[in-house]
1. Give the residue that is surrounded by the fewest Cβ atoms within 10 Å (Cβ to Cβ), with candidates limited to residues of segment 42-80 that are among the charged types (D, E, K, R), part of a helix (DSSP H, G or I) and over 23 Å from the mean Cα position of the chain (by Cα).
2. Quick check on segment 235-252: of everything there that is assigned to a helix (DSSP H, G or I) and charged (D, E, K, R), which residue is farthest from Ser213 (Cα to Cα)?
3. How many residues, within segment 206-222, are outside any loop (DSSP other than H, G, I, E, B) and surrounded by 17 or more Cβ atoms within 10 Å (Cβ to Cβ)?
4. Filter segment 139-151 for residues that are within 15 Å of Ser21 (Cα to Cα) and surrounded by 24 or more Cβ atoms within 10 Å (Cβ to Cβ) and give the result.
5. Report, by residue number, each residue of segment 255-275 that is within 19 Å of Glu239 (Cα to Cα) and free of Cβ contacts under 8 Å to residues at least 60 places away in the same chain.
6. In segment 49-91, what residues are touching a strand residue (DSSP E or B) at 6+ places or on another chain (Cβ under 9 Å) and among the hydroxyl-bearing types (Ser, Thr, Tyr)?
7. Would you please list the contacts, defined by Cβ atoms under 6 Å and residues six or more apart or on different chains, that run from a residue in segment 75-100 that is under 21 Å from Arg179 (Cβ atoms) to a residue that is part of a loop (DSSP other than H, G, I, E, B)?
8. Which of the residues that make up segment 121-149 are part of a loop (DSSP other than H, G, I, E, B) and within 22 Å of Arg43 (Cα to Cα)?
Amino acid sequence: MAGKLRLCAALAVACMAGCCSLGLGRLEPRSASEYEAHVAEVRDKAQPGFTVIAVPPFVVLGDGRPEDVRADAESIVGWGVRRLKADFFERDPSRIIDIWMFNGEESYLRNNSAIFGKSPISPYGYYSPCDRALIINIGLGGGTLIHEMVHAFIEANFPDCPTWFNEGLASLYEQPDDRDGHIHGRTNWRLARLQDAIELGKTPDLHAVMSSSRGEFYDDRRSGANYAAARYLLYYVQEKGLLVRYYKSFLASRQADPTGEATLLSVLGEQDLGTLQRKWEAFVRKLVFP
């Protein structure tokens, strides 16, 4: 799996425009006939040479070799769907979401313009609720695809999720692996920046990251540090075997605890965020990648 999901060193950007939000998802799975109808519909939209496959709750469209598209549909999309739903997400997106897997940079750039009428917001891939689509340069590997799938599932299950958790969980699974049938995030390229910040005494403050607004989190001056902090905070929780419990507790208590800070302390058994910050920094210092 690790080889198949070779990871690009990408800062995947989520296009989560509020006006296009698909909102809370559905508990009941769609029928096979609904997917068949959607596949027929998008075949008319796709140019000749695309392979179209339903992988509920998504439909995959790829312009690579048919056997490669089918393999990626199963080993990346199907693999990710089964594990993400098993541990985290009971709802499917409220609409069928298309996954456009373009086979390399040239195809990715050309088809963004031809199909969506715009330039991509990331060179690697993004989620566009307005287009009901994940748009991916699959030539760079499957990590960005899993990242963007998490965004689609978060929107369906936790529409008011704070940005730090949305991006933290998505970034955690940029480097995914299987552990006894469960998805598990491994260390990745974001680690070096965070370790450098710790050594320089410039570690992102966890309270500031968790309480940041969307605009603050994505601010150009600190977005890289925020991504790294959010990812490795959830990595820390994962390595303690508490990530699924934390997600479910946070989802249940989100109205009383919209940032998830109080829930995190409770799940970890910590008294205050300052103590947690010190333990987390010490943990991160010892991590290695690759």
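Rule-based calculations on the coordinates, nothing more; no lab input. Computed from a predicted structure; not experimentally measured. Cβ sites come from the backbone with ideal geometry, for glycine too, and all protein chains shown count toward neighbours.
1. At the first step, the residues of segment 42-80 found to be among the charged types (D, E, K, R) are 43-45, 63, 65, 67-68, 70, 72, 74.
So of that shortlist, the ones also part of a helix (DSSP H, G or I) come out as 43-45, 67-68, 70, 72, 74.
Applying the additional criterion that residues be over 23 Å from the mean Cα position of the chain (by Cα) yields 43-45, 67.
On the way: Arg43: 14, Asp44: 6, Lys45: 12, Glu67: 9.
Filtering first and then ranking leaves Asp44.
2. Let us first name the residues in segment 235-252 that are assigned to a helix (DSSP H, G or I), namely 235-239, 243-252.
So of that shortlist, the ones also charged (D, E, K, R) come out as 239, 245, 248.
On the way: Glu239: 27, Arg245: 24, Lys248: 22 Å.
Going through the qualifying residues, I end up with Glu239.
3. In the first step, residues of segment 206-222 are kept if they are outside any loop (DSSP other than H, G, I, E, B); the result is 206-210, 214-217.
Next cut, surrounded by 17 or more Cβ atoms within 10 Å (Cβ to Cβ) only: 206, 209-210, 217.
Residues in segment 206-222 being outside any loop (DSSP other than H, G, I, E, B) and surrounded by 17 or more Cβ atoms within 10 Å (Cβ to Cβ): 4 in total.
4. Taking segment 139-151 and keeping what is within 15 Å of Ser21 (Cα to Cα), we get 148-151.
Scanning segment 139-151 gives Glu148, Met149, Val150.
5. Going residue by residue through segment 255-275, those that are within 19 Å of Glu239 (Cα to Cα) are 260-261, 263-270, 273, 275.
If the condition is that a residue be within 19 Å of Glu239 (Cα to Cα) and free of Cβ contacts under 8 Å to residues at least 60 places away in the same chain, then Glu261, Thr263, Leu264, Leu265, Ser266, Val267, Leu268, Gly269, Glu270, Thr275 are the ones that fit.
6. Thr51
7. Taking only residues 6 or more apart or on different chains, the pairs are Ser75/Lys4; Ile76/Gly142.
8. Going residue by residue through segment 121-149, those that are part of a loop (DSSP other than H, G, I, E, B) are 121-124, 132, 141-142.
Hit for segment 121-149 is Arg132, nothing else.
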